[in-house]
Each structure stands twice: as structure tokens, then as C-alpha cells.
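Participant: Quick one: the structure is below, and I'll ask about it shortly.
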Amino acid sequence: MRHVQKRSAARRAATTVTATAAVVVMGMLSGCTTGGTGTTAAPLAVEAGAAPNQDVLPLYTDRADAIAAALKKLPGQVKDAMQRSGVPGASVAVVSDGKTVYQGAFGVRDTRTGELVDKDTLFQIASLSKPISATVVAKAITESKGALSWSTKVSSLLPGFRLSDPYVTANATIGDFFAHRTGIPTGGGDDLEDLGFDRTYILGHLAQIPLQPFRTTYQYSNFGLTTGAVAAAESRGQSWEEMAKELLFEPLGMTSTTSSHADFAATTDRAIEHARIGEKSFQPLFDRDPDAEAPAGGMASTSGDVAKWMALVLADGKLNGAQFIDPEPLTEAFSSQIVTSHNTTFDQRPTHYGFGINVNAAAGGRVTLSHSGAFGLGTATAAILVPDLGIGITVLTNGAPIGMPEAVTQEFIDQVMYGAQTRDWVDAFHGRFESFNAPSGDLAGQTAPAHAAASGPLSDYVGTYRGDYLGTLTVTERNGTLEGAMGPNGGYTFAIEPWSGDTKAFAPVGENALPGSLSSAVFSRTNGAVTGVTLTFFNSFPQVPEPTGLGVLTRTG
């Protein structure tokens, strides 16, 4: 990992160079005209870093004035974004030079009661948990004195863990799981979580999932990252929750932060989730329990606590002036590890992911570290850090994802770097996030065919069905209606409605099946008797068009 040491040293050198206002002048110093006006064009100044890949365009004014101006506009930008999006409540914090220089609370934490958000309101932060978890692992690597690294194979820590490919099982590292490059498809295991299964069951059944290519494809995987985090905790003989609390939450004074949904639910001053129903209507309809994927999306925190984490990262792992986390594993985590979005034209910049965080570049060349968090059931969060400026901003909300926190964080960063907005970010992110609130399922938005094929008697379908991945489906008949029950205790229930012949319809529910979702249950027969069923909703993943076979259940009784 020698390259990481060089990168860390270079970043420190760049800070020194920028502080002394070193400038490189690009372009011709004389004889340069613009548009035939006869006027001499101003040369373009570039702030030189210690190496060419650290050169950036300068701020539009000096740093202190730029941040002060951005902070002055920030409350108005938050209020505007909330008004335009309809998000009910938000908490915002900004870090600069290791200090929290702004913390603001907006709106209500529950639309039913009108209780206001305050600076201590606890929010579920969803996938903003990922970079915080990466920081926990970087601390565990620091503490291990060389026994643990991002290159440690998970198979050496979790010998019973399996994926569907023996080679990937044997060779995938903690870093592979945190970079979403093991090939576990996006959504793998999330469906089991919706059914109510716990972390042990889900990780134990990832071996049933067909993989995408190893280390060459980016497949965002909650339970992939969770696997890497659990493996790191196992190296210390701890649970993930114990390790996160001991290594990060307590030392940083993140006293409100927890990886337990029970702790979140027991907190009076907490932001209630609000799902998006209609264009601007957010309603408190659900309670999302993300304990199974706690390292990937199960943390709850305040903006003030997230600010403490941002300050640690921006200080290269220093806490109160002393080195708390070795900068080598921390820099490795927050460096580009895989391309997440390839450019489709020559003039586009690709996007990248590290170990639990997005690593990209702003228009002026500055590196930005960012992550969003989202529950379709009613949470959206975001954070952006700009290392060479020593600033970071986080926005936590209790509304389903519609791009509001991303818009505010980007507006603030634009304001600091350019003194103006590069585009209407509320509108831009609204369009990007629209699909996050759409119903799922192959029958969503459809009505039953007018001339449907005749169905068999209900007694034909009543029985028990089983698959290695989903477990047991029990179909019963009650008052002339079929009902399905799944999950560890049969607690995931749904009506099975007529559609056409042996094809029925059911409405899946959960984080991956928002209101309006509808999918088919296709019963199969052998010699006239029903012998199985395919639950189409559970038989594929979003980025994998081919059926997986995981939704095919065989009748056992």
C-alpha cells in the first residue's frame, strides 16, 4: 500500500502550497484576444498542488469570505428546497477547519404532531452509514497493528461464509465487499430483509444468489458491505454494533449515534419516517427496521454527530490534534477503487467509488467525497466533504428520497467554490430521484385482463411451498380469498388475487416495494395438480434482467 502513503503525503504538501498562494498562469501572457473585440483576455490562474493531479482552479474569493457567504445563504437554500420538495423536516451541519461552524434545524419531525426538529433530533441516516462504517474499519485496521487490512480475505475471518462462486468466496477481500465489486447484484439479500429475516439468515443465504463478474462490475450491495463489516468485527471477536461503538462512536463523542433500531425507536426526539405519496405529500406510514444491514444502512444519528465524523475524516484521522486513525487505511478507503458510471462521451467525467464512499471531482478540479442515504419508506440524507478546503456539509431529512438533501449539499459547495449555483440542483436531483418512489413489480400500474382465463378452485392452490432462498410460503384460503404468508414466523402476509387462470396477483410490501407495487404469482401444474409457484417479484434483481430462479418455489404439502 505504498501508493497510499505517497497520496497522503502529497495531500499534506498541497495544503502547504495552497496556503502560500502558489499560482500557475495558464495561457498566453500577451497577444491573446477574445471574440475579435481587440481586448486582451485575462490569463487563467490555477492553484498548484504538490503534484499536477492536485492542481485546481482557485476559489472566486478567499476561503474565509467564500465560506461565510455560503453560510449566510444556506438557511434560505434549505427552506427553498423544503418548500419545493415538500420534505417535512431537516437537520443541517457544516464543518470547517475541524469545527462545526453551522447547525440548523428546519420543519417538523412528525407531521401528525407538528413537533419541531431541533439540533438534537435523531434521524435514520440510511446509506450514509456506509462511509461511517468504512471509518470504523479503518480504525480497526489501525488497532490491529498489521493483522487486518482492506486486502484481508473475508474467508479467513468467516470460514463458513459462502457465495455462489467458490473463487469469489475464497478471494474476496473486505475492500471488495465495501467497494461493491464482489458481483453480488444490487438488491441481493434486501428482499430477504423485507420478508423479516435477520442478518444471520441473510448472510447465510447469499450463496444462493447468482453473481455478476468479480471485480469488474459495480453492483451496489447492502449485504455485501455488511459482510465486509461483520468480517472486520469478527477479527476482534466482537459484534459489528460493539465494534462501531467502541472504536468510533464513544471516542468521537457521537453520543446520540446508534446501530440499533430499538435505540432509535426508544428516543423521544426522533424524526419519524415520511413516505412520499403523490407529488409533494409526505405521510408517516411506515417504520423501517434496518438492523439486519446496520453497517450499510442501519445507523441513526444527529447532524451534530455526523459533523464530528466529517471533522475526523477531513483531519486525516486526527482527533484533538493526535493521530487517531492511521491515514493510510483511511486514505485507501476514501480513494477511487472502482468506476461506478462510465462516461458515454469523451467530454464526460466518469464517477468512482471507494470503500463505502463516492470519490469524484468538482468542476474546478477539487476532489469531493460524498454519499447519500435513502429509505423509500421515508428517509433521505446526504453529505459532501471537500478535503483540500477542509469543509463538509451534511443534510438529514425525514422524507422519502426526492433529491432535497443532495440539492442543498451541492448548492452549498457550489456557493463556496464558485460564488453561484452551476445549475438548479433541486430540479436536477428531483428528476434523478423520481424513480426511487415508483412502485415495483411486473403488474404495477396494470389492471386484470378483461377476458381472463378461468381459474382453478381455490383449494387447488392451498398448501405449502418452499425454496432454498425464500424459505416457506404458506397459502391458505379465508372467506373466499387466498392469502400468502412468508418470512421467519409467517409475518409477511399478502392477499393473492385473481388475474388470469393460474396466474395470480399479489402486492409485495417493504423498502423495495413501495405503495402501488403489484406482481404476479404464477402457479404451475403437473398432471393437472398445482406443484409449484413462481413469485416474479422475488425472481430477479433490478440490474440483472435474467430470472434468477430464486422466486421459484416447489410445493411440499
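Any read-out appearing in this document is the output of simple, stated calculations on the displayed coordinates, not a laboratory observation. On a predicted model such as this, the values are computed, not experimentally measured, just so you know. In this analysis, Cβ positions are derived from the backbone assuming ideal geometry, glycine residues included, and neighbour counts consider all displayed protein chains.
Participant: Show me the three semi-axes of the equivalent ellipsoid for the stretch 239-339, from the C-alpha gyration tensor (sqrt of 5 times each eigenvalue), largest first, rounded to whole Å. Walk me through the numbers on the way to the answer.
Facilitator: Details: eigenvalues 173, 59, 38 Å².
Working from the Cα gyration tensor, I get semi-axes of 29, 17, 14 Å.
Participant: Quick one: work out Rg over Rh on the C-alpha atoms of the stretch 185-264, Rh as Kirkwood radius.
Facilitator: Numbers: Rg = 14.7 Å, Rh = 14.3 Å.
Across the stretch 185-264, the Cα-based Rg/Rh ratio is 1.02.
Participant: Continuing with the same structure: Report the net charge of residues surrounding Phe523, where surrounding means a beta-carbon distance below 15 angstrom and charges are Lys +1, Arg +1, Asp -1, Glu -1.
Facilitator: On the way: positive: Arg466, Lys504, Arg525, Arg555; negative: Asp460, Glu477, Glu483, Glu497, Asp502.
Residues near Phe523 contribute -1 overall.
Participant: Report the extension gain between Gln83 and Thr113 in nm, rounded to one decimal, defined as 0.36 nm multiplied by the number of residues separating them, less their alpha carbon distance. Let's see the in-between values first.
Facilitator: Numbers: separation 30, 0.36 × 30 = 10.80 nm, distance 1.91 nm.
That works out to 8.9 nm of additional length.
Participant: Now for a separate question. Return the whole-Å distance between the Cα centroid of the stretch 513-529 and the Cα centroid of the stretch 47-61.
Facilitator: 58
Participant: By the gyration tensor of its Cα atoms, with a ≥ b ≥ c the square roots of the eigenvalues, what is the shape of the chain: rounded for a/c under 1.5, prolate for a/b over b/c, or oblate? If you can, show how the numbers build up before the last one.
Facilitator: Numbers: a/c = 1.92, a/b = 1.67, b/c = 1.14.
Because a/c hits 1.5 or more and a/b exceeds b/c, the chain counts as prolate.
Participant: Continuing with the same structure: In a solvent-free Debye calculation with one equal scatterer on each Cα, what is log10 I(q)/I(0) for the stretch 149-234 at q = 0.14, 0.24, 0.25 Å⁻¹, listed in the order of the q values?
Facilitator: -0.38, -1.21, -1.33
Participant: Which of the DSSP-defined H helices in the chain satisfy a minimum axial length of 27 Å, computed from C-alpha atoms, and a minimum mean Kyte-Doolittle hydropathy of -0.5? Please report the intermediate quantities before stating the final value.
Facilitator: Details: long enough: 63-85 (31 Å, -0.37).
Flagged H segments are 63-85.
Participant: Another one. Under 30 Å Cα-Cα from Lys280, which lysines qualify once same-chain neighbours fewer than 8 residues away are excluded?
Facilitator: Partners within reach: Lys72, Lys73, Lys79, Lys119, Lys130.
Participant: Further question on the same structure: May I ask for the Rg/Rh ratio of the stretch 465-557, computed from Cα atoms with Rh as the Kirkwood radius, given to two decimals?
Facilitator: 0.94
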